[in-house]
1. In the range 41-76, how many residues are touching a residue at least 12 places away in the same chain (Cβ under 8 Å), farther than 19 Å from residue 5 by Cβ and surrounded by fewer than 14 Cβ atoms within 10 Å (Cβ to Cβ)?
2. Considering only the range 1-43, state which residues are among the charged types (D, E, K, R) and outside any helix (DSSP H, G or I).
3. Residue pairs, Cβ under 7 Å, 6 or more apart or interchain, first in the range 19-34 and without any contact (Cβ under 8 Å) to a residue 12 or more places away in the chain, second hydroxyl-bearing (Ser, Thr, Tyr) and part of a loop (DSSP other than H, G, I, E, B). List them.
4. Is at least one residue of the range 24-40 surrounded by fewer than 11 Cβ atoms within 10 Å (Cβ to Cβ) and either over 14 Å from the mean Cα position of the chain (by Cα) or among the acidic types (Asp, Glu) (or both)?
5. Would you check which residues across the range 66-83 are over 15 Å from residue 50 (Cβ atoms) and at pLDDT 90 or above and list them?
6. Looking only at residues that are among the basic types (Lys, Arg) and modelled with pLDDT under 90 in the range 1-23, which one is surrounded by the most Cβ atoms within 10 Å (Cβ to Cβ)?
7. Restricting the range 56-65 to residues that are over 14 Å from the mean Cα position of the chain (by Cα) and assigned to a helix (DSSP H, G or I), which is modelled with the highest pLDDT?
Amino acid sequence: MKQRNYELLTKLFMDKLIPKDKKRSMPSFSQAVNIKNFYMKTKKNLPKKIFYDYLKILDSFEKVKRIDHFSNNLPNLLGNNILIEYYCSKKVIKCLKFISEKTNTN
């Protein structure tokens, strides 16, 4: 594999996977999660085969940029890590609290 800036590709991929939702004021993935920490944690904690599959997805994503194909092919462990990182981030928790308060008052 060529040496690439996988942290930047991770940011682009994750922001396409979980974009900013203006209607519900939810942040994008990179606004909610520190991309560098996420990438390093993913590299450290995932099995090597799954991590290399992820790098292949990033390489392909750079060329094609269609997210629907790639989101369906994410390994389950990686998909779970993405969701956990996003929904456990302080910004998302704050937004979810605000949304729940807003709906409870209506």
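The values are calculated or read from the model by the stated rules, or taken from the named source; none is laboratory data. Computed from a prediction, not measured in an experiment: that's the story for all the values here. Ideal geometry is used to build each Cβ from the backbone, glycine not excepted, and the neighbour counts take in all protein chains shown.
1. Residues that pass the stated criteria total 3.
2. 2, 4, 20, 21, 22, 23, 24
3. 19/28; 20/28
4. no
5. Within the range 66-83, just 83 meets the criteria.
6. 16
7. Residue satisfying both the conditions and the ranking: 56.
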